[in-house]
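What follows is a single structure, written as structure tokens, with notes after it.
The values are calculated or read from the model by the stated rules, or taken from the named source; none is laboratory data. Everything quoted here is computed from the prediction, not taken from an experiment. Glycine also receives a Cβ, built like all others from the backbone with ideal geometry; neighbour counts cover every protein chain displayed. In case anyone asks, the SASA skips ligands and DNA or RNA and just uses the protein heavy atoms, side chains included. Shrake-Rupley method; radii C 1.70, N 1.55, O 1.52, S 1.80 Å.
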Amino acid sequence: MDPSQTPQGRTSRMVALLLALLPVLLVTLLYYKQNAFLEGFEARTYDLRFKSLRGPIPVHPDIAIITIDDRSIQALGRFPWTRQHYVQLLERLETAKPRVLLFDVFFPEAERAEVDQALAEAIRRAGNVVLATTFAFDRQFRVVGSTGSLPGIERAAAGIAHINLIPEEDGVNRRNLLLIGHDGRAVPSLGLAAAMHTLGEPQFTSASFRVELGGRSIPVGPDGELWINYTGAPGNYPRYSFVDVLQGRVDPALLRGKTVFLGATALGIYDMRVTPFHANTPGVEVHAAVADDILSQRYIRRTGLQSLFDLAMIVALGGVAFALTARLRLHRAIPAVLALGAAYLGLSYWLFLQGQWVSMVYPPLAALLALLLGGGWRYMVLERSAREMRAMFSSYLSNKLVSQLEKNPGAARIGGDNREVTVMFTDIKGFTAFSERHKPQVVVARLNEYLAAMVQLIYAHDGTVDKFMGDGIMAYWGAPLSQPDHARRAVACALAMKQLMAELGERWRAQGLEPFVIRGGIQSGDVVAGNIGSRGQKMEYTVIGDTVNQASRLEGMAKYYGVDFVVGDETYLKTCDSFRYRRLDRVRVAGKDIPVAIHELRGAVQAQEDRLETLFAAALGQFRQQQWEAAEQAFLAILAEYPNDMPSRLYFERCLQFKAAPAGPEWDGVFNRQDK
């Protein structure tokens, strides 16, 4: 039965689902509540995207600024100046003919009647001057007053625009109110007015989350605020000193047809604003940036669509992070979740470059909380069974297989399970005699070196080391994890063992040491796999059954037939398309009535036919047909060409025996082997 379908499995899945939902629901709630701390952090990421990531961008080529700077104050005297200077400036600009001139200054009090009248006349003659006004608000953000220029001067202007810049709680100016309602009319901001006059659009319309200006749709928030897409630090727009323009030191062509702002940049005038790029940005440059956004149609959007995206990412990142944490061990889950968060931050920054402000805080926070909750859940519940599994199997399984068992503990039925496996037994030829000829320390050192090398090979082929029996090894494939190709893995491992023993033998000979030669038996079939022993004292996971016994007997037959590996018929049938074999015999072992076919493992499949295998198969056919004389000569011919081939020598001797005492008609060609 699938462990996930048990009551404990269903409860575990339910708890995991609730834990996965918890960080998503918590972060979603914080998102809707607009948590002050997180919103402040989000705002800082907005500034970071401008200053540290994106950096400055090209400004609109038609925007310029005439600055009331320190040099102008030094030349013209203490600010505010007499309005006669503005009259002279307007007269000087008649030759430059800018498209529109926007004053980020206003004239609220009378100076002298003739000067005020002269300024009004100069503004009227220019026909392209927009004057500033500013509004005062109460706690409910209702307009309670305004300050602008004298009525006579305002009436001469081509338009009136507000210059209110309302910073966020941390003092940074990130938004601009494009419209402020007053006395039944909507007053545009200085930046919006600049765009209107530049585009020749005298009218605008206000709709839900947008302001329509001609064919342009300007995205705004619910209160009509535009997120300002700043182009860079102060000085990004061309600046021309007031006194230089006034005294004719600026080429009129530089201002011709331009959208020109006039405002203060001198620190002493105190019209400095905090922006994402700089803590002392002249207010006039903020208005220029608003106009630039509209003219370039380079907006930052943070509307309902972006909110839906944020919520979707909160759910996605929280869910994926929990799933990763639940499926992976923490040392892998943590970098995986961090990579997920980094990928999302990269996506959010890319969207920012496309003009979309999506949250950089809430979705990664959901992933982080999911990681913490999922990590705790995994350690307390999932890792507990994984630790038990590792403690049980780590001594005789490769780390790869132990990791798979940790991920899916139900793959190993610990209480006992019927499995089809392939079992291998190996030992060292002549090890007893070797032990008698050498000191115990030498024997142990050589044996440990040999066993370590063989175990690594078994692990490399995803096998399970069951036990050591002196110099012998018992290993199997197909348990505790199911392996459909268990026979192929076992046979490939046997060939790798032969190759490695040849390499070790060369090294030992070079060191003046006696090499080892191994032999083994391999058989496939059904076994019972599970924990054997006494709970709480001594238990081990192993396989038992007739297949195990057969594999052990085949290892003994390898010695009798003088070959490296004897493979049972079940393993042969599963692997004969991939490996080369020599049919050795049909044997009836002690205690069994049914004979088994046995084969010598020769190597991997190759294009050319092996001559020995061909000659031996022909001779064996004659032997089974009881053609003793012909078989004797055939095996003798093989020995002449291959004098060390033990199976041919055995059959040659059998031919001699059968010639002396021929088999009866009941002979079935099976060799009865009585010893184990």
Exercise for the section: Compute the long axis of helix 611-624 from its Cα atoms, compare it with the longest principal axis of the Cα atoms of the chain, and write down the angle in degrees, 0 to 90, nearest 10. Expected result: 40
Practice task
Mind putting a number on the dipole of the chain about its Cα centre? Charges go on the C-beta only, +1 for Lys and Arg and -1 for Asp and Glu, and I need it in Debye to the nearest 20.
Solution key: 620
Fill in the blank from the handout: By the mean-Cβ-within-10 Å protection proxy, highest first, 222-229, 579-586 rank as 579-586, 222-229
Practice task
Run the numbers on the chain and let me know its relative contact order in percent, using alpha-carbon pairs under 8 Å that are six or more apart.
Solution key: 11
Handout entry: Cα-based helix-to-principal-axis angle, 440-460 vs the chain, degrees rounded to 10
Key = 60
Fill in the blank from the handout: Quick tally, 1.4 Å probe accessible area for MET272, MET497, sorted with the most first, runs MET272, MET497
Problem - Per-selection Rg to Rh, the stretch 228-313 - Cα, Kirkwood hydrodynamic radius - result: 1.11
Completion exercise
With a Förster distance of 51 angstrom and the Cβ-Cβ distance between VAL443 and ALA617, calculated FRET efficiency to the nearest 0.05 equals 0.80
Fill in the blank from the handout: So, over other residues within a Cβ distance under 12 Å of ARG83, counting Lys, Arg +1 and Asp, Glu -1, the net charge is -4
Practice task
Between beta-carbons, use under 15 Å as the cut-off and find the net charge around GLU121, counting Lys and Arg +1, Asp and Glu -1.
Solution key: -1
Fill in the blank from the handout: Taking placed amide H atoms and a strict 5 Å upper bound, the residues 5 or more places from HIS162 or on another chain that come that close are THR133, SER189, LEU190
Handout entry: Potential extension, GLN297-ASP223 segment - 0.36 nm per residue separation minus Cα distance
Key = 24.6 nm
Problem - Long pairs among LYS559/LYS659; LYS467/LYS498; LYS498/LYS592; LYS429/LYS592; LYS429/LYS574, criterion Cα-Cα beyond 23 Å - result: LYS559/LYS659; LYS498/LYS592; LYS429/LYS592; LYS429/LYS574
Practice task
Quick one: check the C-alpha center-to-center distance for the stretch 599-676 versus the stretch 468-528, whole angstrom.
Solution key: 26
Exercise for the section: Relative to the longest principal axis of the C-alpha atoms of the chain, give the angle of the C-alpha long axis of helix 628-641, reported between 0 and 90° and rounded to the nearest 10°. Expected result: 50
Fill in the blank from the handout: Using a 1.4 Å probe on heavy atoms of the protein chains only, the accessible area for LYS97 in Å², nearest 10, reads 130
Problem - Total formal charge among the other residues, if their Cβ is under 15 angstrom from that of ALA492, Lys/Arg +1 and Asp/Glu -1 - result: +2
Handout entry: Burial order of peptide ranges 159-172, 464-477, 185-198 (average beta-carbon count within 10 Å, highest first)
Key = 185-198, 464-477, 159-172
Practice task
Work out how much length ARG586 to ALA637 would gain on full extension: take 0.36 nm times their residue separation and subtract the Cα-Cα distance, in nm to one decimal.
Solution key: 16.1 nm
Problem - Kirkwood Rh in Å, taken over all unlike Cα pairs in the stretch 62-135 - result: 13.3
Fill in the blank from the handout: Across 10 Å bins beginning at 0, the whole-percent shares of Cα-Cα pair distances in the stretch 485-630 come to 10, 32, 32, 19, 6, 1, 0
Problem - Test item: Cα-centred dipole of the stretch 592-645, Lys/Arg +1 and Asp/Glu -1 on Cβ, debye - result: 140
Handout entry: Solvent-accessible area per residue, Å², over the chain with all protein chains present [probe radius 1.4 Å]
Key = 47
Completion exercise
With only helices counted (DSSP H, runs n ≥ 4, each -39500 (n - 2.57)), the per-residue ellipticity at 222 nm for the chain, to the nearest 500, works out to -15000 deg cm²/dmol
Completion exercise
In terms of the charge dipole of the chain, which places +1 on Lys and Arg and -1 on Asp and Glu at the beta carbon, the residue among GLY568, SER359, VAL87 farthest towards the positive end is GLY568
Fill in the blank from the handout: Computed Rg/Rh for the chain (Cα atoms; Rh = Kirkwood radius) stands at 1.35
Completion exercise
When the charge dipole of the stretch 200-257 is computed with +1 on Lys and Arg Cβ and -1 on Asp and Glu Cβ about the Cα centre, the Cα farthest towards its positive end, among GLY200, PRO219, VAL245, belongs to VAL245
Handout entry: Label point distance in nm, THR82-LYS659, each placed 7 Å from Cα along Cα→Cβ
Key = 14.4
Exercise for the section: Please give the FRET efficiency for ARG155 paired with THR95, using the beta carbon to beta carbon distance and R0 = 41 Å, rounded to the nearest 0.05. Expected result: 0.95
